[in-house]
Structure formats: structure tokens, C-alpha cells
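The values are calculated or read from the model by the stated rules, or taken from the named source; none is laboratory data. Please read all numbers here as calculations on a predicted model, not as lab measurements. Neighbour counts run over all protein chains shown; Cβ positions are idealised from the backbone, glycine included.
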Amino acid sequence: MAGVTLVEMVMYIAIVSIGVAGILSVMTYTTRYSADPMVEQQALLIAESYMEEILHKRFTDPTAGATQVCPTALPYKEASRASYDNVCDYDNLNDSAGAVDQLGNTIAGLTAYNVSVSVTGNVGDALALGPTASQITNVGALRVLRVNVEVTHDDIPDFRLLLTGYRTNYYCDTTETTVPQGCLPR
């Protein structure tokens, strides 16, 4: 007659208990972090929305009298997001009270997301992108602005999504209105 000894039964219970505990810990972890893909997807959509808005703006300030690519003072540096008219106006934008639309209205349900924007590569910037005037054959310098949109979430301390885009100046410089070699008319 075949039977099971007490030692075999205890070993069986111990092995099954360890297996069940492992499966339950994986299920607990999966359940706890199952919202992360939604947070990542929403953060990506927020960053893409900001990036699309920024990259559709002009490279230079269209205001008459503006002589810099990226003015830093009023009246050329616009005071509110609703009046931003060039890429550099978005430099140092920090929406820490949640994602907002282009008019500054907070978007319901997205208040836990924080958005910050930085623009690099403006004239006079030590990190200017693109060739200098001496490296090209025409009068001015081709400039490139790098736009970084960073999205974080209040409830997930280690969460950070960074989206980078580039806006190029297709003109030789801010004062060219003619068509010298390599420059496009405005």
C-alpha cells in the first residue's frame, strides 16, 4: 500500500506555499503599477501637444523692432502664453499646477502632471546649435533651436518623460530680406 509520510506532506505544503507566495507578490506588483502605462501615455500626449504648439511658432520674433532671435525682455518677450508668437517665448515655461491649454486654462483631470519647457540655441547662447557664420558661405548663420518638454507626475516621484524637438531657421539671419546664396526669402 502506497502512502504519504508526514515529512513528505510537510515538504509538499512548504513548496506549494512558496510558489503561491511568489505568484501573489507578482500579482500584487502588477495590480499596484497597472496604471503606469496610462500615466506614461497621458504624459507623452501632453508633451507632444506642447511640442506641436511650440514648433508651429515662428523662429524669430515677428514684432517690429525685435533684433534678437530670442528676446528676453518686454515688449518682445510676451507676458502670457496666449500671446506667445515665437519659439523662444516658451523658454522657461513651467506649468507646475497641471497641464494647461495654449490659452492658459487648466485641463481637467491632468492637474497631477507638471510640464516644463526649455529652449536652447538662441543667438549669444553658449550652447548655440548649427554652424556659425564663418562656416557657411552666406552672410548670416543658420540657427537651430532645441526644445525640451519635460513632463513629471505628482504621484510618481521617479517618473520623468522628456521629449526633444528642433526648430530650424530657414533664413540666413534675422535681418536678411534678400535672396543671397543659400538664403530663402521671408
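Brief remarks on what is shown
- Of all residues in region 86-101, those satisfying the criterion of being within 23 Å of M38 (Cα to Cα) and among the polar types (S, T, N, Q) are N94, S96.
- If only residues of region 22-55 that are surrounded by 10 or more Cβ atoms within 10 Å (Cβ to Cβ) and either touching a Gly at 6+ places or on another chain (Cβ under 7 Å) or of a type in the set (G, A, S) (or both) are counted, the one that is nearest to F159 (Cα to Cα) is A43.
- Which listed residue is modelled with pLDDT of 85 or more, assigned by TED's automatic domain parsing to the domain that holds V144 and in a loop (DSSP other than H, G, I, E, B), from G98, G104, G65: G98
Rundown of residues vs (1) modelled with pLDDT under 85; (2) closer than 19 Å to N148 by Cα; (3) in a helix (DSSP H, G or I), yes/no style:
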{"residue": "G22", "(1), (2), (3)": "no, no, yes"}
{"residue": "A43", "(1), (2), (3)": "no, yes, yes"}
{"residue": "S49", "(1), (2), (3)": "no, yes, yes"}
{"residue": "T72", "(1), (2), (3)": "yes, yes, no"}
{"residue": "A79", "(1), (2), (3)": "yes, no, no"}
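- Test: residue in region 144-156 that is in the same structural domain as L45 (by TED's automatic domain parsing), assigned to a strand (DSSP E or B), at pLDDT 85 or above and out of contact with any strand residue (DSSP E or B) (no Cβ under 9 Å at 6 or more places or on another chain): yes
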